[in-house]
Amino acid sequence: MKDILIIDDEPEIRHFLSYLLTQKGYHVTLCKSGRDFYQMLPELSVDLAMIDVKLPDASGLDLLKQLKQAFPACKTIIMTGYSTVKTAIEAIKLGANDYMEKPFDQIEEVEALIEHLLDYPEAPGDADIQHLVGKLGLIIGESEDMRHLLTLAYKIARKNINVLIEGETGSGKDLLAQFIHQASRRADSPFIAVNCGALSESLLESELFGHEKGAFTGAVKSRKGVFEIAHNGSLFLDEIAEASSATQVKLLRTIETGEFRRIGDEELRRTNTRIIAASHVNLSRAVEENRFREDLLYRLEVVKLTIPPLRNRREDIPLLVKHFLNVHQSSLIFSDEAMKILMDYSWPGNIRELSNVVKRAITFAEGEVSLMTPSYLPEKMNNSPILLENQQLDQIKGSPLESYIDNWKKGIVQLWESENETALDEVLLRVKELEVEVGRAFVTKAMKETMGNRKAAAERMKISTRQLRYLLSEKS
């Protein structure tokens, strides 16, 4: 007989679950507070625990930690109201197997979840995760961060909540969004992706909400928007930070009410669409800088998943390389020296950049050699420093900028120590050259961080776009 512990301060919940589970043949222990729990703990025997996240004298998360410490194999379900869903997600991060929202609308789902957790000694869902990973071409690898990320994504996928994915460019946000959709109950319904940064404000609004014939110049017929097309499915809003303020307002209204209007139409339509949003920009920082609505962020990040950059999971690079070689059906092998360069490179473009590097090497080497040496890698990689986590150029050993500054200092010292005549103009010219080179380095960094958006890069550097073009050696 399996032992189930119920921790909840509401008598109705305790009595209902006790009756339901006793009828199923389980041995049930009831607990109404943190004090009760700690008194019972020495004598407890628990196979599964259902814990209310809010108790009058204790936090459900604290009880979860104590329970997992005392009974590592115990399965746990957090019980929560909608207002505390974020806390329930934190519980899953701490090791809870799942959570349920109160009141329990579907008793069958409660029973099925409990039976599922008790019937599988191994972590439930592992086989499903591996199947989906293989289907989508995702690579988990050896990274503990990636394993934890996909496990968390799988657990929340079946919940009807919005998800925000943050991660650097090329880190695989689109694949993670597809993983969540495929693992959800919406898998048989449409998955539609929209890049908010690739469309103008008017085109993005039409893409999202649709339009009626004659609504604007060029609207020769009525057209559905993705909120209609993705009804009962998932809508992936990539680069959500690029949406204009006006579009953000309309998105917020639709997410809150499930209602929208096509452009040029008075009819109010409804949609049941799950939103998965993504951004390479830190949206919390964008809120602080008044570039993104705080109320929209609150609606989008019910769960926030952050994909680690490739430089933080270098142990997975050999496996990823092998995967990309298999994708291109190539039997080529990277030499140890070439692989070391791949392992040491900073990968600002992440997995997408690695994929392109492997494809490039295959293109150049196919038919010539079977072993790819460093000569088949981009030249920049052979002299690239490993980037530190903070990515501050003035703190990166061996960076091109530091190299230039070192050479500049040596030149100035030589002029200082020279016994010959030294023209002051030459010294000042070298100072000016350094100023321009430092400026160009920081502008280049800002351009990378803003995906080539000159206006955004100029604002970040607090300079005009004219100055930015000058520092990039462009004609104004």
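Points to keep in mind about this one:
- Hits in the range 186-220 - residues which are charged (D, E, K, R) and either outside the structural domain of residue 265 (by TED's automatic domain parsing) or within 11 Å of residue 237 (Cβ to Cβ) (or both): 207
- Residue within the range 367-374 that is modelled with pLDDT of 70 or more and hydroxyl-bearing (Ser, Thr, Tyr) present: yes
- Only listed residue being more than 23 Å from residue 292 (Cβ to Cβ), without any contact (Cβ under 8 Å) to a residue 12 or more places away in the chain and of a type in the set (Asp, Glu), chosen from 126, 145: 126
- Subset of the range 195-212 (residues that are without any contact (Cβ under 8 Å) to a residue 24 or more places away in the chain and either surrounded by fewer than 17 Cβ atoms within 10 Å (Cβ to Cβ) or of a type in the set (Gly, Ala, Ser) (or both)): 200, 202, 203
For (1) out of contact with any helix residue (DSSP H, G or I) (no Cβ under 8 Å at 6 or more places or on another chain); (2) among the β-branched types (Val, Ile, Thr); (3) modelled with pLDDT of 75 or more, each residue gets a yes or a no:
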residue	(1), (2), (3)
414	yes, no, no
430	no, no, no
438	no, yes, yes
442	no, no, yes
452	yes, no, no
459	yes, no, yes
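- Residue match in the range 205-216 (condition: more than 30 Å from residue 159 (Cβ to Cβ), in a helix (DSSP H, G or I) and out of contact with any Leu (no Cβ under 7 Å at 6 or more places or on another chain)): yes
- Residue in the range 336-357 that is more than 26 Å from residue 151 (Cα to Cα) and hydroxyl-bearing (Ser, Thr, Tyr) present: yes
- Evaluation of residue 170 against (1) out of contact with any helix residue (DSSP H, G or I) (no Cβ under 8 Å at 6 or more places or on another chain); (2) crowded, with 17+ Cβ neighbours inside 10 Å; (3) touching a residue at least 60 places away in the same chain (Cβ under 8 Å) (one fails), failing number: (1)
- Residues satisfying the stated conditions in the range 34-53, i.e. within 17 Å of residue 14 (Cα to Cα) and surrounded by 16 or more Cβ atoms within 10 Å (Cβ to Cβ): 34, 36, 37, 46, 48, 49, 50, 51, 52, 53
- So residue 153, is it within 17 Å of residue 275 (Cβ to Cβ), of a type in the set (Gly, Ala, Ser) and within 11 Å of the chain's Cα centre (by Cα): yes
- Residue 308 meets the stated requirement of being modelled with pLDDT of 90 or more, touching a Ser or Thr at 6+ places or on another chain (Cβ under 8 Å) and either surrounded by fewer than 21 Cβ atoms within 10 Å (Cβ to Cβ) or not in a helix (DSSP H, G or I) (or both).
- Unique residue being of a type outside the set (A, V, I, L, M) and under 20 Å from residue 193 (Cβ atoms) when the list is 262, 274, 285: 274
- Some residue of the range 275-291 being on the phi < 0 side of the Ramachandran plot, modelled with pLDDT of 95 or more, outside any loop (DSSP other than H, G, I, E, B) and among the charged types (D, E, K, R): no
- When residue 97 is tested against (1) within 16 Å of residue 160 (Cα to Cα); (2) polar (S, T, N, Q); (3) touching a residue at least 40 places away in the same chain (Cβ under 8 Å), only condition (1) is not met.
- The sole residue among 175, 164 that is surrounded by fewer than 18 Cβ atoms within 10 Å (Cβ to Cβ) and touching a Leu at 6+ places or on another chain (Cβ under 9 Å) is 175.
- Screening residue 360 with (1) touching a helix residue (DSSP H, G or I) at 6+ places or on another chain (Cβ under 6 Å); (2) not assigned by TED's automatic domain parsing to the domain that holds residue 241 gives one miss only, at (1).
- Highlighted here would be helices (runs of 4 or more DSSP H) found entirely within the range 88-174 that include at least 2 residues which are at positive phi, at pLDDT below 85 and of a type outside the set (Val, Ile, Thr), but there are none.
The values are calculated or read from the model by the stated rules, or taken from the named source; none is laboratory data. Source: prediction; values computed, not measured. FYI the Cβ positions are ideal-geometry reconstructions off the backbone, even for glycines, and counts take in every protein chain you see.
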